[in-house]
Amino acid sequence: MTETPPIISLRRVAKSFGSVTAVEEVSIDIGAGEFFSLLGPSGCGKTTLLRMLAGFEDVSSGEIVIDGEPMADVPPNLRPVNMVFQNYAIFPHLSVADNIAYGLRRAKISRAQRQRLVDEMLELVRLPGYGARRAHELSGGQRQRIALARALILRPKVLLLDEPLGALDKQLREQMQGELRRLQRAVGITFVFVTHDQEEALTLSDRIAVMSKGHVLQVDTPARLYEAPKTRSVAGFVGSMNFLDARVLAREGDRARLEIEALGVRDVRADHIPTHGRVCVAVRPENIALHAKDPGNAALPGRVEARSYLGERSHWHVRVPGMAEPLAVSTPNGVLQAGAHAAEGAPVWVRLGDEALILLGAE
Ligand code: ATP
């Protein structure tokens, strides 16, 4: 569900290349002004979906509607969209100003007005005064800002971005993420953003479609995807997760009674699960309490198998009798935290409260 009327509707859109099915019957509505991300591993069909929105690929079946108009017979240059690529495709033989004004060349616009629009875009991407420079006089981050300015100057209804920060190093990438979000808010244009980087998608997006093998697995806000993934694939792809086998003993309303690996019988919230049979319970590492002494309260004894110190947090692997896999636990290291200081091999106790248990539905 979008909160605003959809500007893009994908209706059972599929794409095959010969015998390869790149996208399988995807239906999504994207709201006007949304920052919407397509997230998934390499080869899952993200770029193909974006290229179909741009009109660079035909759909094999289904329909794409943008701003109320079916796109089947609309060529790329007449669609109300523009696209930004990973390899900041700006022209090396043109100045920054001419690069930004490139899209205006066919519009009948006076020189003075063109200059004003270019200056406005340079302000928007925080590079005022850079108009006379050439591409080789810019850093990677600056080039990508110019590519964004060029794509935005025609004020498209939708901007399609294909891993636009993929070529930047980590620090610059994080800085540009903030810039992109600010820019999107400032212009109010719908962004459809392709990435395989889950942190990037969580940071930037209003909503995310998680894709795998041509399918959309779940469309949700970052918080819902992280806190309430519906299936094991989504839970495993967004953040790190522990999975425990379980069996449904009974179900009443939105609660289910489960017999869970190593934890025994627990009551959990269950709004989308089968009424019987084997299921899977997921637990985020940061939702597990770790204690150096037995705190009582049904804590489970275990042993530290490994600890990695990451500055802000520590990650632990704790071997718990009755669990098939070691439990991943993440604890904060700040001075306000009591912090566990157990060494590798030391005995510890872990507590997995009912509120930490996420019951997953079938794939
Ligand atoms: P990446 O993050 O690596 O770019 P992606 O999720 O964007 O991956 P796509 O590029 O959409 O994935 O590709 C989806 C599938 O379709 C892949 O199996 C790919 O090999 C195949 N594919 C894409 N374009 C073509 C093409 N022109 N001809 C044949 N197969 C293609």
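Points to keep in mind about this one:
- Selection of the stretch 120-146 for residues being under 17 Å from residue 186 (Cα atoms) and either among the basic types (Lys, Arg) or in a loop (DSSP other than H, G, I, E, B) (or both) yields 125, 126, 127, 128, 145.
- Any chance residue 81 is under 28 Å from residue 133 (Cα atoms), buried (at least 17 other Cβ atoms within 10 Å of the Cβ) and in contact (Cβ under 8 Å) with a residue 24 or more places away in the chain: yes
- Residue within the stretch 2-10 that is at pLDDT below 90, more than 21 Å from residue 152 (Cβ to Cβ) and surrounded by 15 or more Cβ atoms within 10 Å (Cβ to Cβ) present: yes
- Elements of type strands (runs of 3 or more DSSP E) in the stretch 281-363, at least 2 residues being surrounded by 12 or more Cβ atoms within 10 Å (Cβ to Cβ) and free of Cβ contacts under 8 Å to residues at least 24 places away in the same chain: 313-319
- The condition of being in a loop (DSSP other than H, G, I, E, B), within 16 Å of the ligand (Cβ to nearest atom), at pLDDT 95 or above and among the aliphatic types (A, V, I, L, M) does not hold for residue 74.
- Extreme residue, modelled with the highest pLDDT, among residues of the stretch 105-119 that are in a helix (DSSP H, G or I) and exposed (fewer than 13 other Cβ atoms within 10 Å of the Cβ): 116
- Every condition in (1) away from the ligand (no atom under 16 Å from the Cβ); (2) of a type in the set (Asp, Glu); (3) within 24 Å of the chain's Cα centre (by Cα); (4) not in a strand (DSSP E or B) is met by residue 29 except one, and the failing one is (4).
- Residue 236 passes every criterion in (1) modelled with pLDDT under 90; (2) farther than 27 Å from residue 116 by Cβ; (3) within 16 Å of the ligand (Cβ to nearest atom); (4) of a type outside the set (Lys, Arg) apart from (3).
- Subset of the stretch 33-58 that is more than 14 Å from the chain's Cα centre (by Cα) and closer than 22 Å to residue 179 by Cβ - its residue that is nearest to the ligand (Cβ to nearest atom): 50
- Any hit, the stretch 147-158, residues being assigned to a helix (DSSP H, G or I), surrounded by 18 or more Cβ atoms within 10 Å (Cβ to Cβ), free of Cβ contacts under 8 Å to residues at least 60 places away in the same chain and not acidic (Asp, Glu): yes
- Enumeration of residues in the stretch 15-26 that are surrounded by fewer than 19 Cβ atoms within 10 Å (Cβ to Cβ) and more than 19 Å from residue 233 (Cα to Cα): 16, 17, 18, 19, 20, 21
- Pairs are defined by a Cβ separation below 9 Å, a sequence spacing of at least 6 or placement on different chains, a first member in the stretch 30-52 that is without any contact (Cβ under 8 Å) to a residue 60 or more places away in the chain, and a second member that is among the aromatic types (Phe, Trp, Tyr) and within 7 Å of the ligand (Cβ to nearest atom); the pairs so defined are 48/17.
The values are calculated or read from the model by the stated rules, or taken from the named source; none is laboratory data. Bear in mind that the values here come from a model prediction, so they are computed numbers and not experimental data. With ideal geometry, Cβ positions are generated from the backbone for all residues, glycine too; neighbour counts draw on all protein chains shown.
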